[in-house]
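All of the numbers you see were taken from the coordinates with simple rules; none came from a lab. No experiment lies behind these values; they were computed from the predicted model shown. Glycine also receives a Cβ, built like all others from the backbone with ideal geometry; neighbour counts cover every protein chain displayed.
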Amino acid sequence: MNVKQLFALILLSLLCLADACASSNTATPTIPMLISSGSGANVTYSLSIKILAVMALLSVLPALLITTSAFTRIIIVFAILRQALGVPNVPSNQILLGLALIMTIYIMMPTLEKINEASIQPYMLGNISETQALENSSDFMKQFMFKHTRTADLNLFVGLAHKTVVNNDYPLFVLMPAYITSELKTAFQIGFLIFLPFLIIDLVTASVLMSMGMMMLSPMVISLPFKILFFVLVDGWVLIVTSLVTSFHV
């Protein structure tokens, strides 16, 4: 089937659907088998709509993970550490992403447990609706983001959006960019502190080589073993992981 035939089939389906809605005797035409009216003004959605919503959510899940969790700070610090060591491909991207994801789950576990208790479990038992479950989940995520967002960044995006915020009730479209901006600043601050000792090793190595007249030898080749040895002796991975975890619990 070529593109023209596919387009014609879609157009024919839409025309049939419009004809079915026009010939319906109900006051408000609806798509069959998609929406079912509940008692009163409540409207419940069928399984097809729910599956479609879940699939749409899965498509934006990576973006939500990056913008609303601890993942951004962790992966940036790991990337700066790898550059400071002078081995841009070790550890590999897969290992760093896996470690960052595991640490993100570990840091976000208290928030995830609250979401499970207040949203997922009541929804699975049928005590609350999908809308209420989403509202409860977003409230806990907003609390986490607000706790780790600088006031200056919040004021910046509130001013850009021309919004008035009462009782720190920031909307998501203001809180999310403020949170990601604050996370970027914090990650680069931590990365700067990580970079300093390795920079000192590079400077000392370059000075020694120049004093010995070895101009043609790259200082990176000589300093790399010393940087790796220094990182191992101070138990660098434990220090980095501990610093990242405690930075979210302060």
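What nm value, rounded to one decimal, do you get for the distance between Lys147 and Leu193 when each label is placed 7 Å out toward the C-beta?
Roughly 1.9 nm, to one decimal.
Could you work out how far apart the two model spin labels at Val221 and Val87 are, taking each label as a point 7 Å from the Cα in the direction of the beta carbon, and quote it in nm?
Those two pseudo-labels are separated by 1.9 nm.
Report the far tail of the P(r) of the stretch 116-250, meaning the percent of Cα-Cα pairs longer than 27 Å.
Tail fraction, whole percent: 51.
So what are the ³J(HN,Hα) numbers for the stretch 199-210, from phi and the Karplus equation (6.51, -1.76, 1.60; θ = phi - 60°), rounded to whole Hz, Gly and Pro as x?
Per residue, the Karplus-derived 3J(HN,Hα) values read 5, 4, 4, 5, 5, 5, 5, 5, 5, 5, 5, 5 Hz.
Just to be sure I understand the model, the point goes 7 Å from the Cα along the line to the Cβ. What's the resulting Lys185 to Asp169 distance in nm?
That separation, rounded to one decimal, is 2.7 nm.
Each residue of the stretch 60-74 in order: what ³J(HN,Hα) in whole Hz does its phi give by Karplus 6.51 cos²θ - 1.76 cosθ + 1.60, θ = phi - 60°, with x for Gly and Pro?
9, 4, x, 5, 5, 4, 6, 8, 10, 10, 7, 5, 4, 4, 5
Quick check: Cα centre of the stretch 78-124 to Cα centre of the stretch 176-201, how many Å?
17
Using the count of nearby Cβ atoms within 10 Å as a rough guide to exposure, how do Lys147, Lys185, Lys227, Lys114 rank from fewest to most?
Placing the least packed residue first, the sequence is Lys147, Lys185, Lys114, Lys227.
Considering only the other residues whose Cβ falls under 13 Å of the Cβ of Lys185, what net charge follows from Lys and Arg at +1 and Asp and Glu at -1?
Net charge in that neighbourhood comes out at 0.
Order by neighbour count: Tyr179, Tyr170, fewest other Cβ atoms within 10 Å first, most last.
Ordered from fewest to most neighbouring Cβ atoms within 10 Å, Tyr179, Tyr170 come out as Tyr170, Tyr179.
Using the count of nearby Cβ atoms within 10 Å as a rough guide to exposure, how do Thr149, Thr205 rank from fewest to most?
Thr205, Thr149
How much net charge surrounds Leu172 when only the other residues with a Cβ under 14 Å from the Cβ of Leu172 are counted, with Lys and Arg +1 and Asp and Glu -1?
Net of charged neighbours comes to -1.
So which of Lys185/Lys227; Lys142/Lys163; Lys114/Lys147; Lys114/Lys185 end up more than 22 Å apart, counting from Cα to Cα?
Checking Cα-Cα distances, Lys185/Lys227; Lys114/Lys185 exceed 22 Å.
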